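J.: Below you'll find the structure I mean.
The values are calculated or read from the model by the stated rules, or taken from the named source; none is laboratory data. This is a predicted model, so every value here is computed, not measured. Glycine also receives a Cβ, built like all others from the backbone with ideal geometry; neighbour counts cover every protein chain displayed. Side chains included, ligands, DNA and RNA excluded: accessible areas come from the protein's heavy atoms. Shrake-Rupley method; radii C 1.70, N 1.55, O 1.52, S 1.80 Å.
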Amino acid sequence: MGGRPVRLGLVLVGLAVVALAVVAVASAVGTVNIPVPSVLRFLFTGDAGDPSWTTLLDRVRLPRVGTAATAGAGLAVAGLVMQTLFANPLADPYVLGISSGASLGVALITLGGGTVGAGFVAITGAGRGGVVVAAAAGALAVLLVILLFGRWISSVITLLIIGVMVSSAVGAVTSLLLAFAEPARLQQFISWGLGSFSGVPRGDLVLLMTIIGVAAIILFAVSQSLNAMLLGERYALTMGVRVRLIRYTAITATAIIAGAVTAYCGPIAFLGIAVPHLARLLIGTSDHRILLPATLLLGVIVAVACSMITQLPPGDLVLPVNVVSALVGVPVVLVVLVRSRRLAAGAV
């Protein structure tokens with residue numbers, strides 16, 4: 001028993017080391033390879049030893065890798081919390097329709113015509129900044145609807161169903177816009193939907209890190225209550241957990257993470273489902289005090305690795321993030337389905 005905390009601590013330290021190594025390697029490889037020692041030198045001094053390397057790292061590589069690490073960490077932690085809250089191994093950060101709201105916002109600014117589209121562009125602006133604002137506004141609108149229902153609904157399953165219904169309704173509006181969109185605008189929306197960690201300016205990256213960092217801290221603060229909720233909400237109530245408050249807080253924090261990542265990177269698929277299960281298999285515990293940091297670090301590793309793989313093909317061709325994340329996530333989800341006795345038995 002005494003060696004278990006030591007082992008878990010060593011695992012967390014090992015994950016942190018691997019995360020730093022993956023970040024360094026991902027910053028080094030690409031169409032122009034940079035020696036890893038030069039990358040490390042840049043991280044500590046701001047100078048890679050070659051002006052072109054310094055510019056490439058400063059303006060392209062590190063912002064992309066930093067965005068991937070931040071998004072991966074946020075989505076992984078949010079996915080873990082959603083799976084705990086809804087007692088569903090296939091829940092993800094987008095389970096309440098946050099991604100659908102963001103997609104509708106982007107659809108309005110890229111596909112919408114007439115008075116509605118023009119008015120939305122006038123409010124959010126055009127270009128990448130307008131897309132980010134539009135996605136954030138759409139995600140926030142859905143979040144407010146979910147939280148409004150959450151004030152009167154005590155059943156988490158009912159809340160999940162409402163989230164699915166809201167997502168379907170919002171998706172229907174987006175599909176209507178897609179049906180009448182011009183081909184050029186349609187291509188722009190499809191490109192956004194495939195996901196990307198590139199093109200996030202430094203200032204926006206700092207904002208994204210701040211938003212996800214604050215939300216993650218909130219989730220860490222309620223980790224003990226999440227442990228009690230693993231055994232059911234009734235048990236948690238007997239342990240003195242304020243279930244409704246914890247649920248409200250956790251849903252808000254995870255929705256903020258999902259909305260922020262979607263706004264800047266598009267709807268990144270599978271990371272929020274797959275990474276928490278990888279962390280459970282690696283750590284071998286359901287204690288959120290250990291599982292949350294392990295999931296966060298593993299989210300960094302997987303997301304940065306996916307980002308690196310998207311840059312590996314020769315030439316200027318870059319694979320969409322969702323293509324790579326699906327190849328990583330689908331096998332994990334299939335393993336979960338096979339291993340889950342409750343799902344195999346048809347239990348709800």
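J.: How many percent of Cα pairs in the chain exceed 26 Å?
T.: Everything past 26 Å amounts to 51 percent.
J.: FRET efficiency for Thr249 and Leu317, Cβ-Cβ distance as r, R0 = 45 Å, nearest 0.05?
T.: The computed FRET efficiency comes out at 0.55.
J.: Right, here's the next one. What FRET efficiency do you get for Leu40 and Leu334 if R0 is 41 Å and r is their Cβ-Cβ distance, rounded to the nearest 0.05?
T.: Efficiency for this residue pair is about 0.65.
J.: Then there is this: With a Förster radius of 35 Å, plug the Cβ-Cβ distance of Ile161 and Arg242 into 1/(1 + (r/R0)^6) and report the FRET value to the nearest 0.05.
T.: After rounding to 0.05, the efficiency reads 0.90.
J.: In nm, to one decimal, how far is the modelled label at Ser168 from the one at Asp287, with both set 7 Å along Cα→Cβ?
T.: Going from the Ser168 label point to the Asp287 one covers 4.2 nm.
J.: Dividing the Cα radius of gyration by the Kirkwood radius, what Rg/Rh value follows for segment 173-257?
T.: 1.20
J.: Using the Karplus curve 6.51 cos²θ - 1.76 cosθ + 1.60 with θ = phi - 60°, what ³J(HN,Hα) values do you get for each residue of segment 218-230, in whole Hz, with x for Gly and Pro?
T.: 4, 5, 5, 5, 9, 4, 5, 5, 5, 4, 5, 6, 4
J.: Right, next: What's the center-to-center distance, using Cα atoms, between segment 1-78 and segment 168-199 in Å?
T.: 32 Å
J.: Between Leu207 and Leu178, 0.36 nm times their residue separation minus their Cα-Cα distance comes to what?
T.: Between Leu207 and Leu178, full extension yields 7.4 nm more.
J.: Sorting Ile251, Ile157 by accessible area (1.4 Å probe), largest first, what list results?
T.: Sorted by accessible area, descending: Ile157, Ile251.
J.: Give the residue list of chymotrypsin sites (Phe, Trp or Tyr not before Pro) in segment 158-233 that are DSSP loop and have at most 12 other beta-carbon atoms within 10 angstrom.
T.: Answer by residue number: Phe180.
J.: Kindly provide the pair-distance distribution of segment 36-100 built from C-alpha pairs, with 10 Å bins from 0 and whole-percent values in order of increasing distance.
T.: Taking every Cα pair in segment 36-100, the percentages come to 20, 31, 18, 19, 12, 0.
J.: Within the chain, what's the longest stretch lacking trypsin sites (Lys or Arg not before Pro) that sit in DSSP loops with no more than 15 other Cβ atoms inside 10 Å?
T.: My reading of the result: 1-150 is the longest stretch.
J.: In the neighborhood of Arg202, defined by Cβ-to-Cβ distances under 13 Å, what is the net charge if each Lys or Arg adds +1 and each Asp or Glu adds -1?
T.: Counting the neighbours of Arg202, the net charge comes to +1.
J.: Go ahead and estimate [θ] at 222 nm for the chain from helices alone: -39,500 (n - 2.57) per DSSP H run with n ≥ 4, summed, over the residue count, rounded to 500.
T.: Theoretical 222 nm ellipticity from helices: -25000 deg cm²/dmol.
J.: A further question on this structure: What fraction, in whole percent, of alpha-carbon pairs in segment 169-312 exceed 26 Å separation?
T.: Here the long-distance tail beyond 26 Å is 39 percent of all Cα pairs in segment 169-312.
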